[in-house]
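See below for the structure under consideration.
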Amino acid sequence: MTVILLVMIIISFRLTIVVLIIFPFLIYATRLFQKAMKKAFELVRREVANLNSFVQERISGIKIVQIFNREKIEEDKFNEINIKHRDAWLRTVWINSIFFPIAEISGSICIGLLVWYGGIANLNGINISIGTLFLFITMSGLLFRPLRQIADKFNIPVISFIDTPGAYPGIGAEQRGQAEAIASSIECCMSLKVPIISIIIGEGGSGGAIALASANKVLMLENSIYSVISPEGCASILWRDPSKSLEAAKAMKLTATELLKLGVIDQVIEEPLGGAHRNRNEITEAADCDAAGFTIAFGWN
């Protein structure tokens, strides 16, 4: 990161200042995130311990519970503890869902500032070439990338929810470093020491999904799909006919059930009748319980 900053300063001190304008805000946001996540995961650990303790005590004393006809009372107590456990996990998801979009948006704002300043500077007679701007946009992305490793630094499990089409097959996307961004995301996921759990909640398309689903465990909602290429793209390559996408979809085995049989994914999360959108609370609780089970299995509790 220091080397990148030095290169940027040597090339253009003014553009470097533009890139760094947003960093004080990000540093402040990171500190707030660190404190909030520390409290949230302390609460999760406490609720997991309470839940485990309650279950173990009741299993060992099940006969006493039955003798005194306390099944309903103990069931109500279990539900109360389980709700607290669920809410504690949902709080961590809520905090993550606020911070990481902020980090990504900050990177986009930085690019916007660079383009804006470059345009204004050229209008005022300060020569800033397109190549220089492109170089700074690329380097600013390298500066923001360490933010993705924040979970590893603070020992926070990474849970990603994936619903994305495949990487856009266009020249412009490749010129902007799409392939490198996907490769770097995969490398980042592989290098983290904390558990990574990816949950495919809709469409998991080719490189876009693989960049986020390079995980210790991959889960899929019952009606979601996961594939290396879209059925239309597959049909275009194999049969030179995009209209044969239905045949391609059947051959690709991209449904959750088929992928579980092939060993590509680790678990299928059952959806409520009619789909996940019919009962948000039910599907959230199901996904939360499965993800929590895997983090505990990895020894993180």
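The values are calculated or read from the model by the stated rules, or taken from the named source; none is laboratory data. Keep in mind the model is a prediction, meaning the values are calculated, not measured. Cβ placement follows ideal geometry from the backbone for every residue including glycine, while neighbour counts extend to all protein chains displayed.
Criterion first (at pLDDT 80 or above and in the same structural domain as residue 21 (by TED's automatic domain parsing)) does residue 86 satisfy it? Write out each step before concluding.
On the way: at pLDDT 80 or above: yes; in the same structural domain as residue 21 (by TED's automatic domain parsing): yes.
Yes; evaluated as a whole, the condition is true for this residue.
Being in contact with a Leu (Cβ under 8 Å, 6 or more places away or on another chain) and either touching a residue at least 60 places away in the same chain (Cβ under 8 Å) or among the hydroxyl-bearing types (Ser, Thr, Tyr) (or both) is the filter here; which residues of the stretch 219-236 pass it?
If we filter the stretch 219-236 for residues that are in contact with a Leu (Cβ under 8 Å, 6 or more places away or on another chain), which is where we start, we get 220, 225-227, 231.
Listed by number, the residues that qualify are 226, 227.
For the stretch 58-67, state whether one or more residues are outside the structural domain of residue 285 (by TED's automatic domain parsing) and either at pLDDT 75 or above or on the phi > 0 side of the Ramachandran plot (or both).
Taking the stretch 58-67 first, the residues outside the structural domain of residue 285 (by TED's automatic domain parsing) are 58-67.
If we keep only those that are either at pLDDT 75 or above or on the phi > 0 side of the Ramachandran plot (or both) too, we end up with none.
Among the residues of the stretch 58-67, not one is outside the structural domain of residue 285 (by TED's automatic domain parsing) and either at pLDDT 75 or above or on the phi > 0 side of the Ramachandran plot (or both), which makes the answer no.
In the stretch 141-188, how many residues are in contact with a Lys or Arg (Cβ under 8 Å, 6 or more places away or on another chain) and either modelled with pLDDT under 65 or surrounded by fewer than 17 Cβ atoms within 10 Å (Cβ to Cβ) (or both)? Spell out how you get there, then give the answer.
Within the stretch 141-188, the subset in contact with a Lys or Arg (Cβ under 8 Å, 6 or more places away or on another chain) is 152, 154, 184-185, 188.
Cutting the leftovers down to either modelled with pLDDT under 65 or surrounded by fewer than 17 Cβ atoms within 10 Å (Cβ to Cβ) (or both) gives us 152, 154, 184.
The number of residues fulfilling the criteria is 3.
Might you let me know whether the stretch 128-137 holds any residue that is modelled with pLDDT of 70 or more and under 28 Å from residue 38 (Cβ atoms)?
Looking for residues that are modelled with pLDDT of 70 or more and under 28 Å from residue 38 (Cβ atoms), one finds none in the stretch 128-137, hence no.
In the stretch 189-203, what count of residues is obtained for those that are modelled with pLDDT of 85 or more and either of a type outside the set (Val, Ile, Thr) or surrounded by fewer than 16 Cβ atoms within 10 Å (Cβ to Cβ) (or both)?
3
So which residues in the stretch 1-32 are surrounded by fewer than 11 Cβ atoms within 10 Å (Cβ to Cβ), within 23 Å of the chain's Cα centre (by Cα) and among the β-branched types (Val, Ile, Thr), if there are any at all?
Within the stretch 1-32, just 27 meets the criteria.
Select from the stretch 116-134 the residues that are in a helix (DSSP H, G or I) and more than 11 Å from residue 18 (Cβ to Cβ) and list them in ascending order.
Narrowing the stretch 116-134 to residues in a helix (DSSP H, G or I): 116-123, 130-134.
Hits for the stretch 116-134 are 119, 122, 123, 130, 131, 132, 134.
Condition check ((1) in contact with a strand residue (DSSP E or B) (Cβ under 9 Å, 6 or more places away or on another chain); (2) farther than 27 Å from residue 134 by Cβ; (3) at pLDDT below 75) across all residues:
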position: 4; (1), (2), (3): no, no, yes
position: 10; (1), (2), (3): no, no, no
position: 28; (1), (2), (3): no, yes, no
position: 44; (1), (2), (3): no, yes, no
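A quick yes/no check of all residues on (1) surrounded by fewer than 21 Cβ atoms within 10 Å (Cβ to Cβ); (2) of a type in the set (D, E, K, R); (3) touching a strand residue (DSSP E or B) at 6+ places or on another chain (Cβ under 7 Å); (4) not assigned by TED's automatic domain parsing to the domain that holds residue 199:
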{"residue": "226", "(1), (2), (3), (4)": "no, no, yes, no"}
{"residue": "236", "(1), (2), (3), (4)": "yes, no, no, no"}
{"residue": "241", "(1), (2), (3), (4)": "yes, yes, no, no"}
{"residue": "246", "(1), (2), (3), (4)": "yes, no, no, no"}
{"residue": "250", "(1), (2), (3), (4)": "yes, yes, no, no"}
{"residue": "255", "(1), (2), (3), (4)": "yes, no, yes, no"}
{"residue": "258", "(1), (2), (3), (4)": "yes, yes, no, no"}
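Go through 206, 227 for me and flag whichever is of a type in the set (S, T, N, Q), modelled with pLDDT of 85 or more and under 21 Å from residue 186 (Cβ atoms). Lay out the reasoning, then the answer.
On the way: 206 fails: modelled with pLDDT of 85 or more.
Answer to the selection: 227.
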